[in-house]
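Q: Have a look at the structure that comes next, please.
The values are calculated or read from the model by the stated rules, or taken from the named source; none is laboratory data. Since we're looking at a predicted model, the values are computed, not measured. Cβ placement follows ideal geometry from the backbone for every residue including glycine, while neighbour counts extend to all protein chains displayed. Each accessible area value is taken on the protein alone, full model and side chains, heavy atoms only, with ligands, DNA and RNA left out. Shrake-Rupley method; radii C 1.70, N 1.55, O 1.52, S 1.80 Å.
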Amino acid sequence: MRIQPLNDDFAARITDIDLAQDLSESAIAEISAAIAKYAVLVFPNQPLTDDQHGDFTRRFGPIDKGLLLKTKRKRRLENPDVMDLANVDHDGNVLAATNVRNVSLVANQYWHSDSSFKVPAGKYSLLCGIDLPATGGQTEFADQRAAYDALSDGMKARLKGLVAEHWAYHSRNMLGGGGYSEDEMNNLPPVHWPVVHTVAGSGRKSLYIGIHTREIEGIWTPEARMLLSDLLEHATQRQFVYRHEWTNHDLVMWDNQATLHRGRAYELGELRQLRRCTTEAA
Ligand code: OGA
Ligand code: MN
């Protein structure tokens, strides 16, 4: 495989590899080393079936089911490892722009880290682009290691030992609610993670924040929310961001423990279809 950095140590493109094949241990080790260094990997031209997508993902750890285990929504895809990010109904027709099922897709346009709202949280996400809108709909990634490194010494000292609460439905509620029942929401109570952690693989320190965070233990809610908002603003400055412009059959893999990501707006009435598999953090 050929690994071309897109920046010094954030985001790389990997070519000359076929992810549909049963890859050798050494190839998987090479990809693991690359993601430890670059945190985001772009594999162009990988038209994988759902089974191949799941099989490749499982080489990096157990599959994370995100919200799927906790919600009662009927699934469109057969393979239970694959998350369906498509604005279509069960017959494949594009949803009306205001359909409540679009809320979770729009919520992906907030900066977030996949499955930070559960234990174990998400580690790697592998997202395949299948149908992309003509304009908009890019995905952006922000390097949370570089963002941590760039904090002042005073802020690093302030964040030491702080623990944030992450809740899955905070982002949906911010958008006016995603049509989830009280039961569903109570089924997935908030979890707590340090605001700064060390990333497995690289040993680098990283911020761990995003739209799922809504409290910091021991800090008055308004002050905590403003601190989280200030941190997010710092952490998503352009110098920390790689913007992915999708081409069909790109597979983008990222480390949720080292990055934040968000989708960019698109015409909701236009087809946009991606599929994601995620692994659990150890
Ligand atoms: C995701 C996600 C953003 C996008 O797949 O986890 O947040 O651009 N996607 O669809
Ligand atoms: Mn996501």
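Q: Report, by residue number, each residue of segment 99-123 that is among the hydroxyl-bearing types (Ser, Thr, Tyr) and either without any contact (Cβ under 8 Å) to a residue 60 or more places away in the chain or under 18 Å from Arg243 (Cα atoms) (or both). Write out each step before concluding.
A: First, pick out the residues of segment 99-123 that are among the hydroxyl-bearing types (Ser, Thr, Tyr): 104, 110, 113, 115-116.
Selection gives Tyr110, Ser113.
Q: Further question on the same structure: Might you check whether a residue that is touching a Leu at 6+ places or on another chain (Cβ under 6 Å) and modelled with pLDDT of 95 or more occurs anywhere in segment 61-83?
A: The first filter runs over segment 61-83 and keeps only residues touching a Leu at 6+ places or on another chain (Cβ under 6 Å), leaving 70.
Filter once more, so that each one left must be modelled with pLDDT of 95 or more: none.
The answer is no; no qualifying residue exists.
Q: Do the conditions hold for Lys72, that is, is it over 22 Å from Arg243 (Cβ atoms) and within 16 Å of ligand 2 (Cβ to nearest atom)? Walk me through it before giving the result.
A: Working: over 22 Å from Arg243 (Cβ atoms): yes; within 16 Å of ligand 2 (Cβ to nearest atom): no.
Considered against the rule, which asks whether it is over 22 Å from Arg243 (Cβ atoms) and within 16 Å of ligand 2 (Cβ to nearest atom), Lys72 comes out as no.
Q: With open to solvent by 20 Å² or more (accessible area, probe 1.4 Å), out of contact with any Gly (no Cβ under 8 Å at 6 or more places or on another chain) and closer than 30 Å to Ala168 by Cβ as the only criterion, which of Asp50, Asp22 stands out? Don't jump to the end; show me each part of the working.
A: Working: Asp22 fails: closer than 30 Å to Ala168 by Cβ.
Sole residue among the options that is open to solvent by 20 Å² or more (accessible area, probe 1.4 Å), out of contact with any Gly (no Cβ under 8 Å at 6 or more places or on another chain) and closer than 30 Å to Ala168 by Cβ: Asp50.
Q: Is segment 37-49 home to any residue that is closer than 19 Å to Ser113 by Cβ, touching a helix residue (DSSP H, G or I) at 6+ places or on another chain (Cβ under 9 Å) and either of a type outside the set (Gly, Ala, Ser) or part of a loop (DSSP other than H, G, I, E, B) (or both)?
A: yes
Q: Based on what the data block shows, is His244 touching a strand residue (DSSP E or B) at 6+ places or on another chain (Cβ under 8 Å) and within 13 Å of ligand 1 (Cβ to nearest atom)? If you could, list the steps in order and put the result at the bottom.
A: Details: touching a strand residue (DSSP E or B) at 6+ places or on another chain (Cβ under 8 Å): yes; within 13 Å of ligand 1 (Cβ to nearest atom): yes.
So His244 fits the description; yes.
Q: Are any residues in segment 83-115 in contact with a strand residue (DSSP E or B) (Cβ under 7 Å, 6 or more places away or on another chain), part of a loop (DSSP other than H, G, I, E, B) and away from ligand 1 (no atom under 11 Å from the Cβ), and if so, which ones? Write out each step before concluding.
A: Restricting attention to segment 83-115, the residues satisfying the condition of being in contact with a strand residue (DSSP E or B) (Cβ under 7 Å, 6 or more places away or on another chain) are 83-88, 94-95, 105, 108-115.
Among the residues that remain, those that are also part of a loop (DSSP other than H, G, I, E, B) are: 87, 95, 108-111, 113-115.
Selection gives Leu95 alone.
Q: Check Arg158 against each of (1) in contact (Cβ under 8 Å) with a residue 60 or more places away in the chain; (2) more than 24 Å from Ile31 (Cα to Cα) and name the one condition it does not meet.
A: Against the list (1) in contact (Cβ under 8 Å) with a residue 60 or more places away in the chain; (2) more than 24 Å from Ile31 (Cα to Cα), Arg158 comes up short only on (1).
Q: Yes or no: segment 168-190 includes at least one residue that is open to solvent by 20 Å² or more (accessible area, probe 1.4 Å), acidic (Asp, Glu) and away from ligand 2 (no atom under 16 Å from the Cβ). Explain how you work it out, then say what you get.
A: Restricting attention to segment 168-190, the residues satisfying the condition of being open to solvent by 20 Å² or more (accessible area, probe 1.4 Å) are 170, 172-177, 179-183, 185-187, 189-190.
Still in the running and acidic (Asp, Glu): 182-183.
With away from ligand 2 (no atom under 16 Å from the Cβ) added as a condition, the list becomes 182-183.
Yes.
Q: What tally of residues in segment 226-282 results from selecting those that are closer than 27 Å to Asp131 by Cα and surrounded by fewer than 17 Cβ atoms within 10 Å (Cβ to Cβ)?
A: Number satisfying all stated conditions: 11.
Q: Next up: Yes or no: Asp131 of a type in the set (Asp, Glu), away from ligand 2 (no atom under 16 Å from the Cβ) and at pLDDT 95 or above? Before you say what the answer is, go through the steps one by one.
A: Numbers: of a type in the set (Asp, Glu): yes; away from ligand 2 (no atom under 16 Å from the Cβ): yes; at pLDDT 95 or above: yes.
Judged against the criteria, Asp131 is a match.
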